[in-house]
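No value in this document is a laboratory result; all are computed from the given coordinates. These numbers come from a predicted model, not from an experiment. Positions of Cβ are generated from backbone atoms using ideal geometry, with glycine treated the same way; all protein chains shown enter the neighbour counts.
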């Protein structure tokens, strides 16, 4: 992470170094073998294959969407709701929360960001923001929304990860109930950033001079 934030290496390069480090640690602990490597490679290829198909579908979708004037249509559609700009962003966040209960976050990102982001940037003057900062603000809101996805029943991945390491007598439904306060906290934080954009923007603005 330090190499990424320090601008020394890209995310991909840092990931490659992380893989080498994991192999070294496994070998040092005498737990590395070719079967382990084969399973890791198969899992990686499966994940990469899924992401590539999602990207191909998203690229095709966005290309057609832009050709038929989708951004203008969505802008007029949201404008037709009769809501202020902040109300439209609120509706977008609500849609993302609902999608997060039954869709993978990667699919949500590839489908919704190309649709929502141009609308938000186009509403920047109404939001009291410059277009580039409106884009950053929306990006922060989107990431915070995706954090809710990781906890949202019935498919919240974090709940299933926790179940895999929890004592056997802990039921999955108990975990679902237990994460509800954390979902409420995340929604509260997202709403604070939504209504007070400077919470998310002061540091990027400071770094940009």
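In table form, for the structure just shown:
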quantity	calculated
Ranked 187, 55, 175, criterion: other C-beta atoms within 10 Å, fewest first	55, 187, 175
Residue-averaged [θ]222 nm for the chain, counting only DSSP H segments that reach four residues, each worth -39500 (n - 2.57)	-26000 deg cm²/dmol
Cα-based equivalent ellipsoid, region 86-209: semi-axes from gyration tensor eigenvalues, Å	31, 15, 12
Cα gyration tensor shape of region 9-62, rounded if a/c is under 1.5, else prolate or oblate by comparing a/b with b/c	oblate
Angle between the chain longest axis and helix 11-28 axis [Cα atoms, degrees, rounded to 10]	20 degrees
Distance between region 131-209 and region 38-70 - C-alpha centres, whole angstrom	24 Å
Highest-MSF residue in the chain out of 145, 30, 66 [GNM, Cα springs under 10 Å]	30
Debye equation applied to the C-alpha atoms of the chain, log10 I(q)/I(0) at 0.10 Å⁻¹	-0.62
Gain upon complete extension [residue 52, residue 143; 0.36 nm per residue less C-alpha separation]	30.7 nm
Spacing of the two label points (7 Å from each Cα toward its C-beta) at residue 91 and residue 45, in nm	4.6 nm
Nearest-ten-degree value, helix 131-149 long axis tilted from longest Cα axis of the chain	50 degrees
Folded to 0 to 90 degrees: helix 70-79 orientation relative to the chain principal axis, Cα	60 degrees
Scattering profile of region 1-124 at q = 0.10, 0.13, 0.19, 0.22 Å⁻¹ [log10 I(q)/I(0), Debye over alpha-carbon scatterers]	-0.54, -0.78, -1.10, -1.23
Candidates 100, 128, 21, ranked by Gaussian network fluctuation over the chain, Cα under 10 Å, top entry	21
GNM result for the chain, Cα springs below 10 Å: residue of 123, 45, 93 fluctuating most strongly	45
Two-decimal log10 I(q)/I(0) for region 142-209, as the Debye equation yields it once each C-alpha is a single scatterer, q = 0.17, 0.23 Å⁻¹	-0.67, -0.93
Residues 161, 34, 137, sorted so that the one with the fewest Cβ neighbours within 10 Å comes first	34, 161, 137
